[in-house]
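Here the structure comes first, spelled out in structure tokens, and everything after it is commentary.
The values are calculated or read from the model by the stated rules, or taken from the named source; none is laboratory data. Bear in mind the structure is a predicted one, so any value in this text is a computation, not a measurement. Note that each Cβ is placed from the backbone with ideal geometry, even for glycine, and that neighbours are counted across all protein chains shown.
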Amino acid sequence: MRQWRYESLSASKRTALFAMHKALGARLIPFSGWEMPVEYSGIAKEHTAVRTAAGLFDVSHMGEFEIRGREALNLIQFVTTNDARRLLDGQAQYSAMAYPHGTVVDDLLIYRHRADHFMLVVNAANIRKDFEWIASHNRCDATIDDISDDVTLLALHGPKAIEILQTLTNVRLSEIEYYHFVAGKVLDVDAILSRTGYTGEDGFELYFSQKHSEPVWNGILQAGSPYGLLPAGLGARNTLRLEARMLLYGNDMDGTTTLLEAGLGSIVKFEKEEFIGRDALLKQRQEGVKRRLVGFEMVGREIARDHYPVFLDGQEAGHVTSGAPSITLKKNIGLAYLPAERAAIGIRFHVLVRSKMSEAKAVRTPFYKRTGGSV
């Protein structure tokens, strides 16, 4: 189980499904300013359900911004690193924002409704920071609105997820490609159905009005019960995304790391017009990064947790950014930054685990990739 860094509950926000989580016996923790369910029936059980059947997550703590106007695309192009011009209506894109010196403001999703209407989905801890960052660089004929408090976001993932959701909507889910979305109805509620996710499994993320939170949540759980669907918390979400090498802002990247160091160069499009951070990132690409994020597995039975120090040749070389037991693979895995010249598959190093130097080796990632499909 992850060793969570606890915050004060006194000032935590709650999603519209807080009462449902309590009724289901969830263990609640403070996370990014929210009181969120970390587990219901147990992290391992919920993780396995997502890999073998399906899991339903309340991720309404995430932030949503709408950007509208004649120059909405121009604003997005300037503040993000990927090329949003490539998007057609109904497409989504993984992207990020960078500071002028190249480090990461946040990673995010871009949804294109129309040429003059986009939605950005950002990390919960960064909602205010991101909104102010975008607004401070808005010199375009475009408006930005924070709609986070009006939106409930549910994530339904696993090999049975689409079969379950199809019983609740007339939208032909199999026709929606990965990183595409449509507007439709789920349980007669207007929603955005997006074939995106953060677990390494197929499925959908559903955006809809907060006022419909409880009936949609309960309806999905009821429909999925015969299929083995379980409500799943942040604990399983963390172990699932780590197995799939999906990075977590604040752990694997932040304002001290760059996208190139994190292995996310594919979402930095230097060929597009000017964007914030381009010059610094281009210089880093030309000169070469000094460190790289690598995946590793422990040689022994020790568990490398977040922030544990990493040693090369007896010298401290960094720290574990994410670490946990892989419930699927029955190994102890993690991510860590190593000096670029040593960041090669097969390299051996040590992690300081409870005052003991424990051996680890760098391996190919993702640690887990589902068979079949593109997710």
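State whether one or more residues within the stretch 86-95 are farther than 18 Å from residue 276 by Cβ, of a type in the set (A, V, I, L, M) and surrounded by fewer than 18 Cβ atoms within 10 Å (Cβ to Cβ). Yes; the residues of the stretch 86-95 include at least one that is farther than 18 Å from residue 276 by Cβ, of a type in the set (A, V, I, L, M) and surrounded by fewer than 18 Cβ atoms within 10 Å (Cβ to Cβ).
Exactly one residue out of 49, 98 is modelled with pLDDT of 95 or more, under 23 Å from residue 213 (Cβ atoms) and touching a Gly at 6+ places or on another chain (Cβ under 7 Å): that is 49.
On the given criteria, is residue 198 of a type in the set (Ser, Thr, Tyr), in contact with a Phe, Trp or Tyr (Cβ under 9 Å, 6 or more places away or on another chain) and in a strand (DSSP E or B)? When the stated conditions are applied, residue 198 does not pass them.
Scan 225, 213, 194 and give me the residue that is polar (S, T, N, Q), in contact (Cβ under 8 Å) with a residue 40 or more places away in the chain and either in contact with a helix residue (DSSP H, G or I) (Cβ under 7 Å, 6 or more places away or on another chain) or more than 27 Å from residue 366 (Cβ to Cβ) (or both). Of the residues listed, the single one that is polar (S, T, N, Q), in contact (Cβ under 8 Å) with a residue 40 or more places away in the chain and either in contact with a helix residue (DSSP H, G or I) (Cβ under 7 Å, 6 or more places away or on another chain) or more than 27 Å from residue 366 (Cβ to Cβ) (or both) is 213.
Looking at residue 222, is it within 26 Å of residue 182 (Cβ to Cβ) and surrounded by fewer than 21 Cβ atoms within 10 Å (Cβ to Cβ)?
Details: within 26 Å of residue 182 (Cβ to Cβ): yes; surrounded by fewer than 21 Cβ atoms within 10 Å (Cβ to Cβ): yes.
So residue 222 fits the description; yes.
Of the residues making up the stretch 259-274, those that are closer than 23 Å to residue 248 by Cα and either over 22 Å from the mean Cα position of the chain (by Cα) or surrounded by 15 or more Cβ atoms within 10 Å (Cβ to Cβ) (or both) are 259, 260, 261, 262, 263, 264, 265, 267, 268, 269.
Going through (1) crowded, with 23+ Cβ neighbours inside 10 Å; (2) in contact with a Ser or Thr (Cβ under 9 Å, 6 or more places away or on another chain); (3) not basic (Lys, Arg) one by one, residue 164 falls short only on (2). Is one or more of the residues making up the stretch 16-32 within 30 Å of residue 280 (Cβ to Cβ), surrounded by fewer than 20 Cβ atoms within 10 Å (Cβ to Cβ) and out of contact with any strand residue (DSSP E or B) (no Cβ under 6 Å at 6 or more places or on another chain)? Yes, the stretch 16-32 has at least one match.
Just a yes or no: is a residue in the stretch 278-292 crowded, with 20+ Cβ neighbours inside 10 Å and at positive phi? Taking every residue of the stretch 278-292 in turn, none turns out to be crowded, with 20+ Cβ neighbours inside 10 Å and at positive phi.
Checking the structure you have, find out if any residue of the stretch 279-292 is under 19 Å from residue 352 (Cβ atoms) and outside any helix (DSSP H, G or I). Within the stretch 279-292, one or more residues are under 19 Å from residue 352 (Cβ atoms) and outside any helix (DSSP H, G or I). Residues in the stretch 160-173 that are closer than 18 Å to residue 227 by Cα and either in a strand (DSSP E or B) or out of contact with any helix residue (DSSP H, G or I) (no Cβ under 7 Å at 6 or more places or on another chain) (or both): 2 in all. Screening 321, 328 for residues that are within 16 Å of residue 253 (Cα to Cα) and surrounded by 15 or more Cβ atoms within 10 Å (Cβ to Cβ) leaves exactly one candidate, 321. Of the residues examined, residue 335 is one that is under 20 Å from residue 200 (Cα atoms), aliphatic (A, V, I, L, M) and touching a strand residue (DSSP E or B) at 6+ places or on another chain (Cβ under 9 Å).
Restricted to the stretch 308-318, and to residues that are in contact with a strand residue (DSSP E or B) (Cβ under 7 Å, 6 or more places away or on another chain) and assigned to a strand (DSSP E or B), which residue is surrounded by the most Cβ atoms within 10 Å (Cβ to Cβ)?
The initial filter retains those residues of the stretch 308-318 that are in contact with a strand residue (DSSP E or B) (Cβ under 7 Å, 6 or more places away or on another chain), namely 308-312, 316-318.
Imposing the further condition that a residue be assigned to a strand (DSSP E or B) reduces the set to 309-312, 316-318.
Details: 309: 16, 310: 22, 311: 16, 312: 15, 316: 11, 317: 18, 318: 17.
The selected residue is 310.
Scanning the stretch 78-87 for residues that are outside any loop (DSSP other than H, G, I, E, B) and β-branched (Val, Ile, Thr) returns a single hit, 79.
Can you tell me which residue within the stretch 340-358, out of those that are in a strand (DSSP E or B) and out of contact with any strand residue (DSSP E or B) (no Cβ under 6 Å at 6 or more places or on another chain), is surrounded by the fewest Cβ atoms within 10 Å (Cβ to Cβ)? This residue is 356. Checked against the criterion of being under 21 Å from residue 132 (Cα atoms) and either in contact (Cβ under 8 Å) with a residue 24 or more places away in the chain or touching a strand residue (DSSP E or B) at 6+ places or on another chain (Cβ under 9 Å) (or both), the candidates 107, 58 yield just one match: 107.
Scan the stretch 137-156 residue by residue and report those that are more than 20 Å from the chain's Cα centre (by Cα), assigned to a strand (DSSP E or B) and more than 16 Å from residue 126 (Cα to Cα). Answer for the stretch 137-156, where residues must be more than 20 Å from the chain's Cα centre (by Cα), assigned to a strand (DSSP E or B) and more than 16 Å from residue 126 (Cα to Cα): just 143.
Regarding the stretch 110-124, can at least one residue be identified that is polar (S, T, N, Q), modelled with pLDDT of 95 or more, more than 21 Å from the chain's Cα centre (by Cα) and not in a helix (DSSP H, G or I)? Within the stretch 110-124, none of the residues are polar (S, T, N, Q), modelled with pLDDT of 95 or more, more than 21 Å from the chain's Cα centre (by Cα) and not in a helix (DSSP H, G or I).
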